[in-house]
Amino acid sequence: MVERKYGKARRIRVFDRGIVSEANLAAIRKRGGQYLVGTARSQMKQFEAELLSKENWTQVRPEVEVKKIVIPEGEEVCVLCRTAARKEKKAIRGRFSSSMEKALERLAKTVASGA
C-alpha cells in the first residue's frame with residue numbers, strides 16, 4: 001500500500017512491537033526491504049545474556065547504550081538498547097512491589113486475628 005501510494009523507494013519501515021506481524025515482515029523480506037521492529041516482551045528472554053553482559057555496548061546518548069548482535073538462525077541483525085532510566089524504573093517497581101507485599105502480609109495477619 002505504501003509503495004502504491006508513494007512510489008517505490010528505499011525505505012526503512014519502523015514497527016511498534018504491538019502492531020507488527022510476521023506476515024508484514026515476510027512481505028517486506030520478500031521485496032528485499034529493510035525494517036526496524038521493537039521485539040515483543042515475550043521474546044526478550046532469548047536476549048537476556050546479551051542484555052546483562054557488560055561487553056560491546058556503545059553509548060549513543062548520555063543515558064542510552066546500544067549493542068549490535070547477529071542472529072545465528074537468519075540474516076537479521078538485532079540492535080539491543082538499554083537506558084539508565086529503565087534500570088531505575090525496574091528498581092522503583094521492585095521497591096514498590098516489596099512494600100506492597102509487606103502491607104498485604106500485615107493485612108492478612110490482621111484479618112486472621114479477627115481484629
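Only the coordinates and a few stated rules stand behind these numbers; no lab work does. None of these values were measured; they are calculated from a predicted model. All Cβ positions, glycine included, derive from the backbone under ideal geometry; neighbour counts span all protein chains shown.
Please work out how many pairs of lysine residues in the chain are eight or more positions apart (or on different chains) and have Cα atoms closer than 27 angstrom.
For the chain, qualifying lysine pairs total 24.
If I compute Rg/Rh (Cα atoms, Kirkwood Rh) from the structure I just sent, which labelled value in (1) 0.95; (2) 1.19; (3) 1.13 lines up?
Derived directly from the coordinates: (2).
Measure off 7 Å from each Cα along the Cα-to-Cβ vector at residue 13 and residue 70, then give the distance between these two points in nanometres to one decimal.
Spacing of the two 7 Å Cα→Cβ label points: 2.5 nm.
Fully extended, how many nm does the chain gain between residue 22 and residue 111 (0.36 nm per residue separation, minus their Cα-Cα distance)?
Stretched out fully, the residue 22 to residue 111 stretch lengthens by 27.0 nm.
Starting from the amide H of residue 15, placed 1.01 Å from N in the peptide plane, find each other amide H under 5 Å away whose residue is 5 or more places distant or on another chain.
Correct list: 36, 37, 38.
How high is the relative contact order of the chain, given as a whole-number percent (alpha carbon pairs under 8 Å, six or more residues apart)?
14
Please give, to one decimal in nm, the separation of the simple spin-label points placed at residue 55 and residue 39, each 7 Å out from Cα toward the Cβ.
It works out to 1.7 nm between the two label points.
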